[in-house]
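Accompanying notes for the structure given below.
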Amino acid sequence: MSKQIESQRIVHAEMPGTEETSHGLQLWVNLPRKLKGIHPDYQAVASDQVSERREGSVRVRAVVGEESTVALHTAVRYLDLALDPEAVFAYRIPLGWNGLIYVLEGRVAVADVQVDRGDAGIFEGEGEVQVTSAEASRVALIAGEPHGEPIRRRGSFVL
């Protein structure tokens, strides 16, 4: 019995479309074992196509999630938050999910824990995550449903 092997190729370039300085945050989402063999996928979304709203003194951009045009194979929420000084943002984490707040600019408190620029605050389990800015700040709030399988690294890709 012969097994058909199909070759897939993805070309990856991290080159922005302008000559100006760019800043980015790259997020890799590990797939559960049952999805490891799916065809490679890529989505390009222009900045002006990212859903954006204001909640009081917080600008919320939905990079991935219910309000986003980006579709992943796993349950993930990824919000880009720009908080004015003394702003408060509350987000309800679904039952069983885990996540993090990564501070890109400024300084925030998650619950009573201060998180500075370049640091992350980790949270686990259902409930409300409250982010309070001490100054003008920008953070990524990322949460997802764990699949409970180990991460195996091999070369420049994750198995």
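Read-outs: derived from the displayed coordinates by stated rules, not from any lab. Not measured: the values here are computed from a predicted model. Please note: Cβ atoms are built from the backbone with ideal geometry, for glycine as well, and neighbour counts cover all protein chains shown.
Take the Cα of residue 25, go 7 Å toward its beta carbon, and the backbone nitrogen atoms of segment 100-125 under 15 Å from that spot belong to 100-110, 115-123. In order along segment 79-85, the phi-based Karplus estimate (6.51 cos²θ - 1.76 cosθ + 1.60, θ = phi - 60°) of 3J(HN,Hα) comes to 10, 9, 10, 10, 9, 6, x Hz; Gly and Pro are listed as x.
Extension gain residue 55-residue 136, at 0.36 nm per residue separation less the Cα-Cα distance, in nm?
27.7 nm
Between residue 45 and residue 147, the FRET efficiency estimated from the beta carbon spacing at R0 = 35 angstrom works out to 0.90. Listed values for segment 41-54 are Karplus-derived 3J(HN,Hα) couplings in whole Hz (6.51 cos²θ - 1.76 cosθ + 1.60, θ = phi - 60°), namely 9, 8, 9, 10, 10, 5, 3, 6, 9, 7, 4, 9, 8, 10, and x replaces Gly and Pro.
Residues whose amide H lies under 5 Å from that of residue 70, counting only those 5 or more places away or on a different chain, are 65; hydrogens are built 1.01 Å from N in the peptide plane. Annotation: amide H of residue 57 within the under-5 Å range of 88, sequence separation 5 or more or interchain, hydrogens built in the peptide plane.
Where a ≥ b ≥ c are the square roots of the eigenvalues of the C-alpha gyration tensor, would you call segment 16-149 rounded, which needs a/c under 1.5, or, failing that, prolate if a/b is larger than b/c, or oblate?
Numbers: a/c = 1.85, a/b = 1.23, b/c = 1.51.
Oblate shape, in that a/c is at least 1.5 and b/c is the bigger or equal ratio.
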